[in-house]
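**Q** Please find one structure pasted underneath; my questions will follow.
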Amino acid sequence: MKEISDYSRMVEEAIAAKRYGAMRPSSLYEPVEYGLQKGGKRLRPVMLLMAGDAFGADTACLTDAAVGIEMFHNFTLLHDDVMDRSDMRRGRPTVHRRWDENTAILSGDTMLTLASSLMRQVPDRCLRGVLETFDAMAVEVYEGQRLDMDFEERNDVSVEQYLEMIEKKTSALLGASARIGAYIAGASEADCALMYEYGVKLGIAFQIQDDYLDLYGDPATFGKPIGGDVLNGKKTFLTVSALGLGDRVADEVRSGMALPADAEKIEKMRSVYDRAGIPEICREAIARYSGEAVAALNATAISEENRLPLEQLVDRLIHRRK
């Protein structure tokens, strides 16, 4: 039985084999390669490979789609970092900081086209379904990003609205990864839908954990400065949960958010959240959605043995520190 590390290695080898950094012009493709290097958890392509493998797919049929999913994810990061004015990503300067904003935008556009091209390399028997899933996912990601930007100007975002946003911006890509892997393997439509639910629910748990770590994580392991969401005025699960706890807490949240973007603001918001019990609310939500992910997985026709790596992936993600 393959381990998660085996799938991660397969992804790294497949990306390295593409040799994007050797393509010309180098001013376009070096940022593409840079964006793909030190790729973090490689969660999305690993999930695609795992799902396909669990349903018995030939790995050769999955590899290009896995790289395509990772390429699309990194395209969104290049553009997100420009929009968020983020200086660091995975412990390194972002593309727009190392080069410039125009380079980040153009190389990101190139990554999107490369991602679409890679998705078209799947077997003809499943091409239409894979592309339909990929395109629908992409539009949801764009909708989620727009909602995320809109929320920055609002102080009345509900938990339900926030969950809708992250389901589009984050979870749709994870759901599509799991569904595409299963679809390439020839899984039934019912099982493909369950794998999509598995990815979506895990994606929600993943994003809530990410929101939590942004304020409560260890800067040495998180990969970027702590408190970035607070400083950028982003609405997170912590923020919207606190806003829904009554006028007193909501007033404290709004007061803290109005402070200048400095270390004092980070400490103020952490203090407000601590008193309101937000860390425990986060932990409960992470447990709930990760449990729903496992329930969807257990409802598929995958054998118990083949489910194990996908269950281990859930456990690893909800106990991560970065």
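Each reported figure results from applying straightforward, stated rules to the coordinates on display, with no laboratory input. This structure is a prediction, so every number in the text was calculated from the model and none was measured. Counting neighbours? That spans all protein chains shown, and the Cβs are built from the backbone with ideal geometry, glycine included.
**Q** Of the residues that sit in region 137-149 and are in contact (Cβ under 8 Å) with a residue 24 or more places away in the chain and farther than 16 Å from Gly181 by Cβ, which one is surrounded by the fewest Cβ atoms within 10 Å (Cβ to Cβ)?
**A** Applying the first criterion (in contact (Cβ under 8 Å) with a residue 24 or more places away in the chain) to region 137-149 yields 137-138, 140-141, 143-145, 148-149.
From what is left, the residues that are farther than 16 Å from Gly181 by Cβ are 138, 140-141, 143-145, 148-149.
On the way: Ala138: 19, Glu140: 19, Val141: 21, Glu143: 15, Gly144: 21, Gln145: 17, Asp148: 20, Met149: 13.
Across region 137-149, the extreme among qualifying residues is Met149.
**Q** Right, here's the next one. Out of Ala193, Ala220, which single residue is more than 19 Å from the chain's Cα centre (by Cα), farther than 24 Å from Val141 by Cβ and either surrounded by fewer than 23 Cβ atoms within 10 Å (Cβ to Cβ) or among the β-branched types (Val, Ile, Thr) (or both)? Reasoning before the result, please.
**A** On the way: Ala193 fails: farther than 24 Å from Val141 by Cβ.
Within the list Ala193, Ala220, the selection yields Ala220.
**Q** Of all residues in region 246-264, how many are farther than 17 Å from Gly217 by Cβ and either part of a helix (DSSP H, G or I) or touching a residue at least 60 places away in the same chain (Cβ under 8 Å) (or both)?
**A** Summing the residues that are farther than 17 Å from Gly217 by Cβ and either part of a helix (DSSP H, G or I) or touching a residue at least 60 places away in the same chain (Cβ under 8 Å) (or both) in region 246-264 gives 12.
**Q** Another question, then. Would you tally the residues in region 9-39 being under 21 Å from Leu317 (Cα atoms), within 16 Å of the chain's Cα centre (by Cα) and surrounded by 15 or more Cβ atoms within 10 Å (Cβ to Cβ)? Write out each step before concluding.
**A** Our first condition is that a residue be under 21 Å from Leu317 (Cα atoms); within region 9-39, this holds for 9-12, 36-39.
Imposing the further condition that a residue be within 16 Å of the chain's Cα centre (by Cα) reduces the set to 36, 38-39.
Of the ones still in play, those that are also surrounded by 15 or more Cβ atoms within 10 Å (Cβ to Cβ) are 36, 39.
Qualifying residue count for the region: 2.
**Q** Right, something else. Based on what the data block shows, is Glu70 closer than 14 Å to Leu114 by Cβ and free of Cβ contacts under 8 Å to residues at least 40 places away in the same chain?
**A** no
**Q** Take the residues of region 273-302 that are touching a residue at least 40 places away in the same chain (Cβ under 8 Å) and in a loop (DSSP other than H, G, I, E, B): which is surrounded by the most Cβ atoms within 10 Å (Cβ to Cβ)?
**A** Here the answer is Thr300.
**Q** Out of all the residues in region 72-128, which are small (Gly, Ala, Ser) and surrounded by 20 or more Cβ atoms within 10 Å (Cβ to Cβ)?
**A** Ala104, Ser107, Gly108, Ala115
**Q** Something else about it: Given the condition among the acidic types (Asp, Glu) and over 18 Å from the mean Cα position of the chain (by Cα), answer yes or no: does some residue in region 105-116 qualify?
**A** Within region 105-116 (the criterion being among the acidic types (Asp, Glu) and over 18 Å from the mean Cα position of the chain (by Cα)), the answer is yes, since at least one residue qualifies.
**Q** For Glu152, all conditions in the list (1) surrounded by fewer than 17 Cβ atoms within 10 Å (Cβ to Cβ); (2) among the acidic types (Asp, Glu); (3) free of Cβ contacts under 8 Å to residues at least 60 places away in the same chain hold save one; what is the number of the exception?
**A** (3)
**Q** Look through region 81-125, keep the residues that are among the acidic types (Asp, Glu) and in a loop (DSSP other than H, G, I, E, B), and return whichever of them is farthest from Pro225 (Cα to Cα).
**A** Going through region 81-125, the residues among the acidic types (Asp, Glu) turn out to be 81, 84, 87, 100-101, 109, 124.
Of the ones still in play, those that are also in a loop (DSSP other than H, G, I, E, B) are 87, 100.
On the way: Asp87: 10, Asp100: 21 Å.
Top of the filtered list is Asp100.
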